[in-house]
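Just below is one structure, and these are the notes that go with it.
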Amino acid sequence: MELVRRFLPDAPQSYFLFGPRGTGKSTWIKNRYPDALYIDLLLPDVFREFSARPERLSQLIEGQSRTTVIVDEVQKVPQVLPVVHQLIQNKKGLKFILTGSSARKLKRTGVDLLGGRAVLRTMHPFMAGELGDGFDFKRALAEGMLPIVWRAADPADVLRTYAALYLKEEVQMEGLTRNVGNFARFLESVSFSHGSVLNTSEVSRECQVPRKAVEGYIGILEDLLLAFRLTVFSKRAKRHIAQHPKFYYFDAGVFRSLRPGGPLDLPEEIAGAALEGLVAQHLRAFCAYDSRGYQMYFWRTKSGAEVDFILYGPEGIVAIEVKRTAQVRNADMKALKAFKADYPQARLILLYGGKEPLKVRNVRYVPCGDWLLNLKPGVEL
């Protein structure tokens, strides 16, 4: 597979580049900065060297003339961050790119320490627009959009081992939880909440883990960048709005690999959650890469009316509903119409399984795969 041009914007100053494993961070930075000094902390010898002597970084930089320095998987040795901070202060013209697949270790030390001196960038799974003609909508629904999966000879095998790799190398080795068995059961149980309002008490009962532990596990998933919570849009609300967030795994393929299936599990139910998750991960990447300041929410009233996604920013409000079916009923537009009544300036989009773009009253109907393919930073929604 040839190199894919990513939408991730560069930054003129030093920056952190976070993203789950397999999203292509290392590939992107190596191609973007081919002449940089590259330090890979996943290599055992390099890890041991910098763990013992983090000041070695300063000595390396002083001994050569390159002005761009990449420290890959910086969370493995957070002790290098004070050295980076000092170098940024004292050595003009030096640019650091600090990558990481976990924000947990850096929450208190790294990001705070470099606050104001290094910006934050996030690498997400592929967007359809990045793949262009190589995008396959059905494959994306089945396997997700992780570059490490998309490029694999056996994508299903990579997905099967992906969560296990995180359990072993990030959760168990880093001592994030004392009971790995409980955490593994939680990963499966919380998959039933993908694309739904999160009920931690329900998840707790399902996996037989105390609710407080479940809340901690969700925090671990977010810190490892494997999941996110979507909050309710409540700006100038005219009705009683629900308060609980929705939960999503960061990639549709990872969701499918963790979601158990059996005779009591309807395939269309799993497919519907995968579709909504695929749209969610695209919108999340779009908000991260686009410069117009869009923020992502969902809308749900206490009476049960729900719009899957709301994008809110200086250029307006966009309400997006996702349906798998090719035929859309009037009832499917009920929540969009309710949202429009409260926010008349909103643009309404319904992504559906049909083949033709339509406009019915104030609602744009767009085939979901086509819309994802055209979703690009800087392009009108």
### Summary
Contour minus Cα-Cα span, Leu165 to Glu62, at 0.36 nm per residue, comes to 33.4 nm
### Query
Where does segment 201-243 land on Rg/Rh, using Cα atoms and the Kirkwood Rh?
1.13
### Query
Nearest-5 percent of antiparallel DSSP beta bridges in segment 210-336?
95 percent
### Query
Looking at the P(r) of segment 224-272, how many percent of alpha-carbon pairs lie beyond 18 Å?
51 percent
### Query
What's the long-distance tail for segment 15-122, i.e. % of Cα pairs beyond 17 Å?
49 percent
### Task
Output the relative contact order of the chain, whole-number percent, from Cα pairs under 8 angstrom with separation of 6+ residues.
15 percent
### Message
Can you report the principal axis dimensions of the chain using only the alpha carbons, biggest first, rounded to whole angstrom?
### Response
69, 45, 44
### Task
Please identify the longest segment of the chain free of exposed GluC sites (Glu not before Pro), where exposed means a DSSP state other than H, G, I, E or B and no more than 10 other Cβ atoms within 10 Å.
3-379
### Task
Quick one: dipole size for segment 15-122, taken about the Cα centre, charges +1 on Lys/Arg Cβ and -1 on Asp/Glu Cβ, in debye to the nearest 20.
340 debye
### Task
Express in nm, to one decimal, how much length is gained between Lys238 and Arg48 on full extension, taking 0.36 nm for each residue of separation and deducting their alpha carbon distance.
62.6 nm
### Magnitude of the charge dipole, the chain, Cβ model with Lys/Arg +1 and Asp/Glu -1, debye to 20
1200 debye
## Note on the structure
In whole percent, the Cα-Cα distances of segment 126-243 spread across 10 Å bins from 0 upward as 11, 33, 31, 20, 4, 0
### Query
How large is the charge dipole for segment 186-302, taken about the Cα centre, if only the Cβ atoms of Lys, Arg (+1) and Asp, Glu (-1) carry charge, to the nearest 20 debye?
800 debye
### Query
Projected onto the charge dipole of the chain (+1 at Lys/Arg Cβ, -1 at Asp/Glu Cβ, origin at the Cα centre), which of Leu37, Met123, Leu283 gives the Cα projection farthest towards the positive end?
Leu283
### Task
Once you have the Cα-Cα distance between Arg117 and Gln79, take 0.36 nm times their residue separation minus that, and quote the gain in nm to one decimal.
12.0 nm
### Query
From the residues Ser102, Phe47, Leu60, which one has its Cα farthest along the dipole of segment 15-122 in the positive direction, the dipole being from +1 and -1 charges on Cβ of Lys/Arg and Asp/Glu about the Cα centre?
Ser102
### Query
At what distance in angstrom do the alpha carbon centres of segment 333-381 and segment 124-152 lie from each other?
22 Å
### Task
Mind scanning Lys238/Lys334; Lys235/Lys376; Lys138/Lys168; Lys246/Lys302 and naming the pairs with a C-alpha gap bigger than 21 Å?
Lys235/Lys376; Lys138/Lys168
#### Entry: Fewest-first ranking of His85, His124, using other Cβ atoms within 10 Å as the exposure measure
His85, His124
### Query
Ranked by Cβ crowding within 10 angstrom, fewest neighbours first, how are Thr122, Thr231 ordered?
Thr231, Thr122
### Query
Looking at the square roots a ≥ b ≥ c of the eigenvalues of the Cα gyration tensor of segment 286-347, which shape do they give, rounded for a/c under 1.5, prolate if a/b is larger than b/c, or oblate?
prolate
### Task
Would you list the membrane-span-like helices of the chain, meaning whole DSSP H runs whose alpha-carbon atoms span at least 20 Å along their axis and whose mean Kyte-Doolittle value is at least -1.0?
267-289
### Task
Set the Förster distance to 22 Å, then compute FRET efficiency between Thr27 and Ala156 from the Cβ-Cβ distance, nearest 0.05.
0.50
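Since every read-out is calculated from the coordinates, none of them should be taken as a lab result. Bear in mind that the values here come from a model prediction, so they are computed numbers and not experimental data. Cβ: placed from backbone, ideal geometry, glycine included. Neighbour counts: every protein chain shown.
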